[in-house]
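Below is one structure, written out as structure tokens; the observations come after it.
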Amino acid sequence: MSEQQRQSERHVVIVGAGMAGVQTAVALRERGFAGPVTVIGAEPHQPYDRPPLSKAVLLGKAEGSAFDIDFEALGIGLRLGREVTGVRPADHELDTAEGPVAYDVLVLATGAEPIRLPGTEGVPGVHLLRTLDDAARLRPVLAAQHDIVVVGAGWTRRRCCVEHVAARRVVHATAWLTGSGIALGAHGEVVADDHLRASVPDVYAVGDCASFPSGRYGERLLVHHWDNALQGPRTVAANIIGEDPAAYDPVPYFWSEQFGRFVQYAGHHTPTDELVWRGDPTGMAWSVCWLRSGALVAVLAVGRPRDLAQGRKLIESGTRLDPTLTADPSVPLKKAAL
């Protein structure tokens, strides 16, 4: 049997039907992988995108956010409403309530789940916001114009007070991996290498549930953003089909719309990095840059998309900037390069 034939007969099973899992399946097909691909999701719904849950879906402007993907045409099998309870890497099998599922290659893309505040179980007026069903339950609460407290560090869209609580903090959905031999980090995430391989053979991890070593920043990163769930699958797919991709080391990126303003962030910074303001933070448009040994490592842009676009390229190239020119909002960031 040729190597190509052997590759085409391997069964790739992806646990997690969110962005990272779905994009891994699609990336495999785009790269010509012809073997069976199965996506297992705990929710019964057709796979969907999560960002609209706290925006269009929650505000009643859309009923759902299903991915516009023809899974049947791509030959991608979906097993929805099925919870995976364990994995036995030595046997190359997953455990589910419906019985074992064999795999040749396993991709972990289970993302994260909300942390329930202690003592709030069953308390009226306490809601979680992570799934499509959560958004459906919370939407009439918002429509009734209750005052709200949002617990969590994610971006929010509503003014808050104290009568209702919506929890937004998350923990990695990896408890089912305990005892499997797959290494987990201090935060419960899957510890992946620079090609997103887990610590046991034939297992990869991608998206919110995985950390990876960043040569760019000299530390292991946990990136809980949509862009990471889009980029990581390309590296995983390339590895599975036998390509030799570059190490996975993206410049993290996210964006949001907040109170009519476009907010973007690229890079990764620490409290010890030099902070440089560009513009008046009380105004409608301004940016913040972080420099490390003179090099740009992160930029936050509010209403200044050009700063973000130029800054992202400067971060990728490791370019050092003149702090004085960087602080002048009338000077394009690329003109501050040394």
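The values are calculated or read from the model by the stated rules, or taken from the named source; none is laboratory data. A quick note: this is a predicted structure, and the numbers were derived from the prediction, not measured. Neighbour counts are summed over all protein chains in view; Cβ atoms, including those assigned to glycine, are modelled from backbone coordinates with ideal geometry. Calculation scope for accessible area: heavy atoms of the full protein, side chains included, ligands and nucleic acids excluded. Shrake-Rupley method; radii C 1.70, N 1.55, O 1.52, S 1.80 Å.
The simple Förster model, with R0 at 30 Å and r as the Cβ-Cβ distance, assigns Asp280 and Ala136 a FRET efficiency of 0.15.
Which value, in Å², gives the accessible area per residue of the chain when a 1.4 Å probe is used on the protein heavy atoms? The partial results should precede the final answer.
Working: 16400 Å² over 338 residues.
About 49 Å² of surface per residue is accessible.
Carbon-plus-sulfur accessible fraction, the chain (probe radius 1.4 Å, protein heavy atoms only): 52%.
Using the Cβ-Cβ distance between Ala246 and Asp70 with R0 = 45 Å, the FRET efficiency computed as 1/(1 + (r/R0)^6) comes to roughly 0.90. Sorted from longest to shortest, the spans of the Cα atoms of segment 12-52 along the three principal axes equal 30, 18, 12 Å.
Charged side chains reduced to their Cβ positions (Lys and Arg at +1, Asp and Glu at -1) give the chain a dipole of some 1160 debye around its Cα centre. The Cα atoms of segment 72-120 give a gyration tensor whose axes a ≥ b ≥ c have a/c of 1.5 or more with a/b greater than b/c, which makes the shape prolate.
The value for segment 161-298 of Rg(Cα) / (2.2 N^0.38 Å) is 1.25. Global size of the chain: 21.6, 67 Å for Rg and Dmax (C-alpha atoms, Rg to one decimal, Dmax whole).
Pull out a ≥ b ≥ c, the square roots of the eigenvalues of the alpha-carbon gyration tensor of segment 241-338, then state rounded if a/c is under 1.5, prolate if not and a/b is larger than b/c, and oblate in the remaining case. Oblate, since a/c reaches 1.5 and b/c is not below a/b. With a cut-off of 20 Å on the backbone N, the residues of segment 181-202 near the modelled label site 7 Å out from Ala90 along Cα-Cβ are 181-184, 198-202. Of the peptides 275-281, 230-236, the ranking by mean beta-carbon count within 10 Å, highest at the top, reads 230-236, 275-281.
Applying 1/(1 + (r/R0)^6) with r as the Cβ-Cβ distance of Thr178 and Lys335 and R0 = 35 angstrom yields a FRET efficiency of 0.10. The mean sequence separation of alpha-carbon pairs under 8 Å and at least six residues apart, normalised by the residue count of the chain, gives a relative contact order of 12 percent.
Can you tell me what share of the DSSP beta bridges in the chain is antiparallel? A percent to the nearest 5 is fine. Show your work: numbers first, answer last.
Values: 41 of 66 bridges.
The antiparallel proportion sits near 60 percent.
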